[in-house]
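Colleague: For reference, the structure I am asking about is given below.
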Amino acid sequence: MAAETMAAEPPARAGDFWGGLAAMLVALPSSIAFGVLVYSAIGPERAGEGALAGIVGAAVLGIVAPLVGRNGGFITAPCAPAAAVLAAMAAGFIAEPGSSADRALALLALTALVAALLQAAFGVLRAGRLIKFIPYQVVSGYLSGVALVIAIGQLPKLLGLPEGAGIARGLLAPELWNWTGIAVGTATIAAMAFAPRITEAVPAAILGLLAGIAAYFAIAAFQPALLALEGNALLIGPIQVSGSLLEAAAGRASSLAGIRPPDVALVFGPALTLALLLSIDTLKTGVVLDAMTRRRHDSDRELLAQGTANLAAFFAGGMPGAGTMGATLVNVSSGGRTPWSGAIEGALALLAFLLLGGLIAWVPIGALAGLLLMVAWRMFDRDMFKLALRRGTRVDFLVIVTVAVVAQFGLILASMVGVAIAILLFIRDQIRSPVIASFVHLDTTRSKRKRLIAESEILSRDGRLAAVVELRGNLFFGTADQLFSELEKDLGRLRYLLIDLRRVHSMDYTGGHLLEQMRERLRERGGELLFSGMPSHLPSRPDIEGYLAELGVVRSDGVRVFETRDSAIEWMEERLLAAAGWRPPGDEVLLDLGGIELFADLDADSLRELATAVVHRSVPAGEKVCARGETGDELFLIQRGRVHVLLPLEGGKVHHLVTLCQGDYFGDMTFLDREPRSADVVAAVPTDLYVLTRRRFDELVRRNPAMGGRVFEQIAHAISRRLRAADVELQALEAR
């Protein structure tokens, strides 16, 4: 499968080479700085090892991730979140009593290994979409906290404070400052800040690093002691490389044999934090890349690729990383479009080390500190302070600040607080979202069973005694009180309440208990609670209905459950009509023409004339009376029985428009305009009809014009009532 995918990829282009080169120039200096940041936390003398880990990480991640992920334009390299988490861990490990540098390095490597395996597992388990659901406020707060951690860690290096001098004491003691380091760091920061205004051809990180190095050697011209490499605390120092990459991988593999279960338990929390941060950073970069390239990346495959690349970086002794925004944007802007651009970036990083590795030893620590301070400045979400100015966004501001502040006491603690806040934000949003999608009384909504004028008048008068409420979202402890508060005033006067559950996603015990309370309130007044539209997706219908049955809400003497909303509304209409004393004519009685609603105002002579023009037709149940697209001019009057008006849809499906009963009529539109019929009409039960053609009716009208005027007036009134009812239903629908 992988071979087929690779074969399907376009070959590398010239743009991929230049994009990879530009991305390497951005990623490599930052990777070196991140490596130095982590290893310096163990001891300043290990800065060279850190630089090597950053270079190896940039090379391995750059090569492996695009070849597995196949995401064109994506650049993977060591990143700030990984450096901050690992540096904090390294400082914690080395501070433990009896700990050693080798022990701390082993635990860091184990953390990177577990994080890589977790990240690959995220991809296999298709968790890419789930990670995207972490609120942006939490991500922003965490990244801002990481920026503060990096800044606080780099200020002593920028000032050249002696080891052991705290940041608070050092800031207030200028006599401890190393002005050479300050000058070098300031030059780096200034160059990076002004680089975009000077040129966009050379990455700001490269210009900043070159400016810092130039400042260092300019000062060294007046202080020859700065030109000594050995024992110079202001420089990275010699990078010690022992053996080949294969030997390094073999050494890492053999070190796994010494891992004990307590070690895994010790690093699992930090590793999970690291895996989540690297995944979020990668997916955030992927979203931006999609917008630039007008493509859509596979989140799950990309996480698998990142996990695989970080696993390879572990065995090679490199820093872990993620899809990085800056290098990726530079790559795409410079012409990189295929996965080969990422692989070229990694290969060029390795080539740069092999050719220029000796020169890296002369990179000033102050320059790297300045570079990292600029990275921290760009990571810090300064727009958060705008949120504090608006009342509606102050909660979001507090969330960002809380996570950022907690990060100063521990990145792992901050991740736990962030997850807790994410849950609370979800609950808050659910509570604030209205659980009632719509609430209508039966005087403004009707079933699809067409009623006679007398029935409609009763329902318009008594329709306030019954209501339909459509719920949506999650009915749980957070929204149950909201629902009860909004319906409480209606429960005291309603006779029937239908709850449409089609859009309910989930329900807990509190929600079920609330429905039981509503049922009891209605029963006290002789009313009933009805359900319709049990969800057919997760949770499935058996889950919801079975759960309510377990609670005793749905039982033989409990809530009535209807398959459709329309059937439940029709049931309530029948109860309201019966309570008002309405007795419809029995289906066993054949109506004469005077019993048809359309002809109710005609005198006896006119009815006798009509009787000579109509013909009788009997239709068995299930047979079509007329079909969509047919031509004809007949008006059908229901003498006995019931018909369904159905609108044919694609795929053999139909939409039920209305049900017409005894005394009603249909076909009036074609009767008026003689255009093809717009719907099918099917007999629901054995049905008897009067059929009046337009030709025969026109003959009668020529003899009795007054009768024609009254009939057309009745048809116009009926159409007017339909349009008004449609207006009310559309208004209720739009108000949802």
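Colleague: Test of understanding: what is the full-extension gain from ALA613 to SER433, defined as 0.36 nm times their sequence separation minus their Cα-Cα distance? List each step's numbers first, then the result.
Modeller: Details: separation 180, 0.36 × 180 = 64.80 nm, distance 6.03 nm.
Taking ALA613 through SER433 to full extension adds about 58.8 nm, to one decimal.
Colleague: What FRET efficiency, computed as 1/(1 + (r/R0)^6) with R0 = 35 Å and r the Cβ-Cβ distance, is obtained for ASP102 and LEU356, rounded to the nearest 0.05?
Modeller: Values: r = 29 Å, r/R0 = 0.83.
It comes to 0.75.
Colleague: Which value, in debye to the nearest 20, describes the size of the charge dipole of the chain about its Cα centre when Lys and Arg Cβ atoms bear +1, Asp and Glu Cβ atoms bear -1, and nothing else is charged?
Modeller: Numbers: 68 positive and 72 negative charges, 171 e Å.
That gives the chain a dipole magnitude of about 820 debye.
Colleague: Then there is this: If r is the Cβ-Cβ distance from PHE217 to ASP490 and R0 is 56 Å, what FRET efficiency results, to the nearest 0.05?
Modeller: Working: r = 82 Å, r/R0 = 1.46.
For PHE217 and ASP490, the calculated efficiency is 0.10.
Colleague: Going toward the positive end of the dipole of the chain, with +1 on Lys and Arg Cβ and -1 on Asp and Glu Cβ, which of PHE380, MET89, LEU660 do you reach last?
Modeller: PHE380
Colleague: Now for a different question. Can you list residues whose amide H is under 5 Å from LEU235's amide H, if they're 5+ apart or on another chain and H is modeled 1.01 Å from N?
Modeller: ILE365
Colleague: Among the listed pairs LYS157/LYS386; LYS448/LYS653; LYS450/LYS489; LYS624/LYS653, which have their C-alpha atoms separated by more than 23 angstrom in this model? Please list the in-between numbers first.
Modeller: Details: LYS157/LYS386 32 Å; LYS448/LYS653 18 Å; LYS450/LYS489 31 Å; LYS624/LYS653 16 Å.
In this structure, LYS157/LYS386; LYS450/LYS489 lie more than 23 Å apart at Cα.
Colleague: Also: For the stretch 497-513, in order, what is each residue's ³J(HN,Hα) by Karplus, 6.51 cos²θ - 1.76 cosθ + 1.60 with θ = phi - 60°, in whole Hz (x at glycine and Pro)?
Modeller: Result, ordered by residue: 9, 9, 10, 8, 9, 4, 9, 8, 8, 7, 8, 10, 4, 4, x, x, 5 Hz.
Colleague: Under 1.5 on a/c is rounded, so check that first for the stretch 375-429, then, if it is not, pick prolate when a/b is larger than b/c and oblate when it is not; a ≥ b ≥ c are the square roots of the alpha carbon gyration tensor eigenvalues.
Modeller: Numbers: a/c = 2.41, a/b = 1.04, b/c = 2.32.
Oblate, because a/c is 1.5 or more while a/b does not exceed b/c.
Colleague: Follow-up. What number, in percent, do you get for the relative contact order of the chain if the mean sequence gap of Cα pairs under 8 Å and at least 6 apart is divided by its residue count? List each step's numbers first, then the result.
Modeller: Working: 1303 pairs, mean separation 116.0, N = 736.
Computed value for the chain: 16 percent relative contact order.
Colleague: Length gain on complete extension for the stretch ALA578 to GLU650, per 0.36 nm per residue less the alpha carbon to alpha carbon distance? Show your work: numbers first, answer last.
Modeller: Values: separation 72, 0.36 × 72 = 25.92 nm, distance 3.91 nm.
Extra length from ALA578 to GLU650 when fully extended: 22.0 nm.
Colleague: Among 189-196, 615-622, how do they line up from the highest to the lowest mean number of other beta-carbon atoms within 10 Å? Show your work: numbers first, answer last.
Modeller: Numbers: 189-196: 17.9, 615-622: 12.2.
Sorting 189-196, 615-622 by mean packing, highest first, produces 189-196, 615-622.
Colleague: Ok, one more. Out of (i) 27.5, 88; (ii) 29.4, 92; (iii) 38.4, 127, which label holds the value of Rg and Dmax of the Cα atoms in Å that was computed here?
Modeller: It is the value labelled (iii).
Colleague: If you count only protein heavy atoms with a 1.4 Å probe, what accessible area per residue comes out for the chain, rounded to a whole Å²?
Modeller: On the way: 33920 Å² over 736 residues.
On a per-residue basis, the chain sits at 46 Å².
Colleague: Can I ask one more? Quick one: Karplus J couplings for the stretch 563-577, per residue in order, coefficients 6.51, -1.76, 1.60, θ = phi - 60°, nearest Hz, x for Gly and Pro?
Modeller: Values, residue by residue: 5, 10, 4, 5, 5, 5, 5, 4, 4, 5, 4, 4, 5, 5, 5 Hz.
Colleague: Taking the chain as the reference, fit the longest principal axis to its C-alpha atoms, fit the long axis of helix 541-550 to the helix C-alpha atoms, and give the angle between the two in degrees, 0 to 90, nearest 10.
Modeller: For helix 541-550, the angle is close to 80 degrees.
Colleague: Additional query: Relative to the longest principal axis of the C-alpha atoms of the chain, give the angle of the C-alpha long axis of helix 136-159, reported between 0 and 90° and rounded to the nearest 10°.
Modeller: Roughly 10 degrees between the two axes.
Colleague: Give me, ordered by chain and number, the residues 5 or more places off GLN662 or on other chains with an amide H under 5 Å from its own placed amide H.
Modeller: For GLN662, the qualifying residues are GLY641.
Colleague: Could you give me the ³J(HN,Hα) list for the stretch 680-695, computed from phi with Karplus coefficients 6.51, -1.76, 1.60 and θ = phi - 60°, whole Hz, x at Gly and Pro?
Modeller: Each residue's phi maps through the Karplus curve to give 8, 10, 10, 6, 7, 9, x, 10, 10, 10, 8, 10, 10, 7, 5, 4 Hz.
Colleague: Compute the orientation-averaged projected area for the stretch 558-664 from the convex hull of its Cα atoms and round it to one decimal in nm². Write down the numbers at each step before the final one.
Modeller: Details: hull surface 40.1 nm².
Taking the Cα atoms of the stretch 558-664, their convex hull projects to 10.0 nm² on average.
Colleague: Let me ask something else about it. Take the alpha carbon atoms of the stretch 450-506, find their center, do the same for the stretch 381-408, and report the distance between the two centers in whole angstrom.
Modeller: The two parts, judged by their Cα centres, are 40 Å apart.
Colleague: When the helices in the chain are scored as -39500 (n - 2.57) per DSSP H run of 4 or longer and the sum is shared across all residues, what 222 nm value do you end up with, to the nearest 500 deg cm²/dmol?
Modeller: On the way: 28 runs with 437 residues, N = 736.
Calculated mean residue ellipticity at 222 nm is -19500 deg cm²/dmol.
Colleague: Suppose each label sits 7 Å from its Cα in the direction of the beta carbon; what would the HIS441-VAL419 distance come out to in nanometres?
Modeller: 5.1
Colleague: Which order do peptides 370-378, 437-445 fall in by mean Cβ count within 10 Å, highest first?
Modeller: Working: 370-378: 22.9, 437-445: 18.0.
Taking the mean over residues of other Cβ atoms within 10 Å, the ranking is 370-378, 437-445.
Colleague: Separate question: Under the 0.36 nm per residue contour assumption, what length would be gained going from the current alpha-carbon distance of ALA684 and THR199 to full extension? Each step should come with its number before you reach the end.
Modeller: Values: separation 485, 0.36 × 485 = 174.60 nm, distance 7.87 nm.
This chain segment gains 166.7 nm when fully extended.
Colleague: Continuing with the same structure: Going highest first, how would you order 89-99, 23-33 by mean Cβ packing within 10 Å? Working shown, then result.
Modeller: Details: 89-99: 14.8, 23-33: 28.5.
Put in order of decreasing packing, that is 23-33, 89-99.
Colleague: Continuing with this model, one more query. Determine the share of the chain's accessible area contributed by carbon and sulfur atoms, expressed in whole percent, with a 1.4 angstrom probe.
Modeller: 62
Colleague: To make sure I understand the rule: partners must be aspartates and glutamates, Cα under 14 Å from the Cα of LYS284, and not fewer than 8 residues away in the same chain. Which ones qualify?
Modeller: Counting by Cα, and skipping residues close in sequence, LYS284 has these aspartates and glutamates nearby: ASP298, ASP300, GLU302.
Colleague: How many percent of DSSP beta bridges within the chain run antiparallel, rounded to 5? Intermediate results must be reported in sequence, preceding the final value.
Modeller: Details: 35 of 53 bridges.
Restricted to the chain, the bridges split so that about 65 percent are antiparallel.
The values are calculated or read from the model by the stated rules, or taken from the named source; none is laboratory data. These figures come from a predicted structure and were not determined experimentally. Virtual Cβ from ideal backbone geometry, glycine too; neighbours counted across all protein chains shown. The area values use the complete protein model at the heavy-atom level, side chains included, leaving out ligands, DNA and RNA. Shrake-Rupley method; radii C 1.70, N 1.55, O 1.52, S 1.80 Å.
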